[in-house]
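The values are calculated or read from the model by the stated rules, or taken from the named source; none is laboratory data. All values derive from a computational prediction rather than experimental measurement. With ideal geometry, Cβ positions are generated from the backbone for all residues, glycine too; neighbour counts draw on all protein chains shown.
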Amino acid sequence: MSVESIGVLREPARRAVYEYAVDRGELVSRDEVAQALGMGRTLAAFHLDRLADAGLLEVSYARRSGRSGPGAGRPAKLYRRSDTEHEVSLPPRRYQAAAGLLAEALERSGADERLFEVARERGRAAGDRSGSSRGARRAEPDRSREAENAELVETLAGQGYEPARRDGSIVLRNCPYHGLARDFPPLVCGMNLASVQGLIEGLGCRGAVARMAPEAGGCCVVIDTPVGDAAP
């Protein structure tokens, strides 16, 4: 199933439709897709339905006008990314199963704090490696907070979090550890928070603060970002 589903994305226009739906992070209609990508409504509907048939998008129906009752018209067919995970490994590997065993062993042994410590160190190292070197950042004392936050967003995107700016915060629309977080929420969400905290430290983002804020369909971590420039 996963091989066929991922193969559906080989067609460039269909992949663009999928990426648009993912980037929006909310329900989209065929009209929105057609307008955004400059394609016909019928073609947009065709690609959306192919993606839905492959399990990459899920379908719902709603009236966008807000009206109800007689004369309100038919509900629109809307699409959003499916929560179903697709993974391809040739030959087959069971990394998720191994991760589950390790997570359970950590919970039983009470080694949570040690895991969080390692996660923060790994996050800090990833921040150090991303973009410019740490020494170069220190040599730019007048670097704006906006520049720091932009680098943070870019780095988080590279880590698979699908970050988006919203009301002075960075929300993470995807949890890279979704399967494990569902089965071991305190352990894995704590590990995730520590990793993001380390990433912020490694990038040298002044004032950015990662905190727990679980939200359906997204990551459990939100990053509050400062407004304006920091003092050197």
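Being among the charged types (D, E, K, R), under 15 Å from Pro163 (Cα atoms) and assigned to a loop (DSSP other than H, G, I, E, B) is the filter here, so list the residues in the range 189-218 that pass it. Result: Glu215, single match. Would you confirm, using the coordinates I've provided, whether Pro176 is free of Cβ contacts under 8 Å to residues at least 60 places away in the same chain and either of a type outside the set (Phe, Trp, Tyr) or more than 14 Å from Asp112 (Cα to Cα) (or both)? Against the criterion (free of Cβ contacts under 8 Å to residues at least 60 places away in the same chain and either of a type outside the set (Phe, Trp, Tyr) or more than 14 Å from Asp112 (Cα to Cα) (or both)), Pro176 qualifies. For the range 217-232, filtering for residues that are at negative phi, out of contact with any Lys or Arg (no Cβ under 6 Å at 6 or more places or on another chain) and at pLDDT below 70 leaves 3. Close contacts from the range 93-105, counting a first residue that is loosely packed, with under 10 Cβ neighbours inside 10 Å and a second that is small (Gly, Ala, Ser), with Cβ to Cβ under 9 Å and a gap of 6+ residues or different chains, come to Tyr95/Ser89.
For the range 152-172, the set of residues classified as within 22 Å of Arg122 (Cβ to Cβ) and either of a type in the set (Asp, Glu) or not in a helix (DSSP H, G or I) (or both) consists of Glu154, Gln159, Gly160, Tyr161, Glu162, Pro163, Ile170, Leu172, listed by residue number. Of all residues in the range 184-192, one or more are under 23 Å from Glu113 (Cβ atoms), surrounded by fewer than 17 Cβ atoms within 10 Å (Cβ to Cβ) and either modelled with pLDDT of 90 or more or out of contact with any Pro (no Cβ under 9 Å at 6 or more places or on another chain) (or both).
The residue that is farthest from Gly100 (Cα to Cα), counting only those in the range 173-188 that are part of a loop (DSSP other than H, G, I, E, B) and within 14 Å of the chain's Cα centre (by Cα), is Arg173.
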